[in-house]
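Data first, discussion second: the structure below is written as C-alpha cells.
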Amino acid sequence: MRLRLTPSEPSFTALFVDVAEHVHAGSLLLGEVLASSGAERDRAVARLLDVERAADDRVHLVVRRLTSTFSPPFARRDVHALAQALDSCLDELLATAVAVTEHRLTGLPPAFLDVVQLLQRLAEITRTAMASVDAADGLAEYWVEVNRLHNRAGALLAPLRAELLADADLRRALRLRDVLDRLAASARAFEELAHRVEVIALVEP
C-alpha cells in the first residue's frame, strides 16, 4: 500500500522553510548575544538554545517522513543531507554564542558584529531559497550570493586573525580567536548548505 501525506502534514518544502525560519531567528539572537552582556546575554543564549531544539525537532520530522513516503521532492539522500545542512547552520550559530558567553567576552571587535550581520543576511536569503528548493535549478542567484557573502566574511576576519597573533594579552587573544573561528565556521556552514542546493539542482531532472 502506498503511503501518502495527509492534508494535515506539512510538505518537505514547508519543513525546510520552517527550519530555515529557526536558523534566521538564531542569527538574530546571535546578534543580541554579541551586543549584550551579563544576564541579558544569558537570556539571549537560552532563547537560542530553545530555537535550536525546536529546529532539531523539525529536522527529525523530515527524517521520519522519509521513511513514510514514496514521493519526496528529490532524492532521499539529498533530502536528508539538506535537512542536516540546515541544522548545521544553526548548530554553528549556537556554538558561536556559547563561546562568547563561556569566555565572558566584552568589547568585541567591530569586525565580529559585521560578520554577524553577514550571517543574518545569509540566513535571510536561505529562508527565501528554501521556499523554492523543490525547483532548485532556479536558485543559482542564491548560491552565488552565498558564496559572495562567505568570501566577504573571510575578508573581514583575516586581518583580525593576524592582529590577534600579535596581541600582548595572550589569554584574551586565544578567546577571541575561538569566537573568530566559530564565526568563520558559521559562514562556512551556509556555504556548504548552498553547495548542497546546487548539487540538487545539478542532479535532479
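The values are calculated or read from the model by the stated rules, or taken from the named source; none is laboratory data. Everything quoted here is computed from the prediction, not taken from an experiment. We place every Cβ from the backbone using ideal geometry, glycine too, and count neighbours over all the protein chains shown.
Name the pairs: first residue in segment 13-27 and in contact (Cβ under 8 Å) with a residue 24 or more places away in the chain, second residue of a type in the set (S, T, N, Q) and part of a helix (DSSP H, G or I), Cβ to Cβ under 6 Å, at least 6 apart or on different chains?
What qualifies is Ala20/Thr126; Ser27/Gln120.
Name the one entry in Leu108, Leu93 that is under 30 Å from Arg148 (Cβ atoms) and buried (at least 22 other Cβ atoms within 10 Å of the Cβ).
Just one listed residue meets the conditions, Leu93.
From (1) modelled with pLDDT of 90 or more; (2) under 26 Å from Pro73 (Cβ atoms); (3) loosely packed, with under 15 Cβ neighbours inside 10 Å, pick out the condition that doesn't hold for Leu202.
Leu202 satisfies all of (1) modelled with pLDDT of 90 or more; (2) under 26 Å from Pro73 (Cβ atoms); (3) loosely packed, with under 15 Cβ neighbours inside 10 Å except (1).
Name the single residue, out of those in segment 134-185 being of a type in the set (Val, Ile, Thr) and touching a residue at least 12 places away in the same chain (Cβ under 8 Å), that is farthest from Phe12 (Cα to Cα).
Here the residue is Val179.
Anything in segment 70-86 that is touching a Leu at 6+ places or on another chain (Cβ under 7 Å) and either crowded, with 17+ Cβ neighbours inside 10 Å or under 24 Å from Trp143 (Cβ atoms) (or both)? List them, or say none. Break it down into steps so the answer makes sense when it comes.
Of segment 70-86, the ones touching a Leu at 6+ places or on another chain (Cβ under 7 Å) are 70, 72, 76, 79-80, 85-86.
Matches in segment 70-86: Pro72, Arg76, Val79, His80, Ala85, Leu86.
Restricting attention to segment 44-65, report how many residues are small (Gly, Ala, Ser) and modelled with pLDDT under 95.
Counting residues in segment 44-65 that are small (Gly, Ala, Ser) and modelled with pLDDT under 95 gives 0.
May I ask you to say which residue of Ala83, Ala44, Ala54 is of a type in the set (A, V, I, L, M, F, W, C), closer than 22 Å to Thr128 by Cα, assigned to a helix (DSSP H, G or I) and in contact (Cβ under 8 Å) with a residue 40 or more places away in the chain?
Values: Ala44 fails: closer than 22 Å to Thr128 by Cα; Ala54 fails: in contact (Cβ under 8 Å) with a residue 40 or more places away in the chain.
Ala83 is the lone residue from the list that is of a type in the set (A, V, I, L, M, F, W, C), closer than 22 Å to Thr128 by Cα, assigned to a helix (DSSP H, G or I) and in contact (Cβ under 8 Å) with a residue 40 or more places away in the chain.
Would you confirm, using the coordinates I've provided, whether Leu122 is in contact with a Phe, Trp or Tyr (Cβ under 8 Å, 6 or more places away or on another chain), in contact (Cβ under 8 Å) with a residue 60 or more places away in the chain, closer than 21 Å to Ala14 by Cα and not small (Gly, Ala, Ser)? Don't jump to the end; show me each part of the working.
Values: in contact with a Phe, Trp or Tyr (Cβ under 8 Å, 6 or more places away or on another chain): yes; in contact (Cβ under 8 Å) with a residue 60 or more places away in the chain: yes; closer than 21 Å to Ala14 by Cα: yes; not small (Gly, Ala, Ser): yes.
Yes, satisfied.
Here is a check on your reading of the model: is Leu82 closer than 30 Å to Leu164 by Cβ and modelled with pLDDT of 90 or more? Show your work before the answer.
Working: closer than 30 Å to Leu164 by Cβ: no; modelled with pLDDT of 90 or more: yes.
In short, no.
Looking at Ala129, is it over 20 Å from Leu48 (Cβ atoms), buried (at least 18 other Cβ atoms within 10 Å of the Cβ) and in contact with a Phe, Trp or Tyr (Cβ under 6 Å, 6 or more places away or on another chain)? Talk me through it step by step, then tell me what you get.
Details: over 20 Å from Leu48 (Cβ atoms): yes; buried (at least 18 other Cβ atoms within 10 Å of the Cβ): yes; in contact with a Phe, Trp or Tyr (Cβ under 6 Å, 6 or more places away or on another chain): yes.
Yes.
Can you name the residue in segment 48-64 that is crowded, with 19+ Cβ neighbours inside 10 Å and among the charged types (D, E, K, R) and is also farthest from Leu30 (Cα to Cα) among such residues?
Filtering first and then ranking leaves Arg58.
Of a type in the set (Ser, Thr, Tyr), surrounded by fewer than 20 Cβ atoms within 10 Å (Cβ to Cβ) and assigned to a loop (DSSP other than H, G, I, E, B), is that true of Thr101?
Taking the combined requirement at face value, the residue does not satisfy it.
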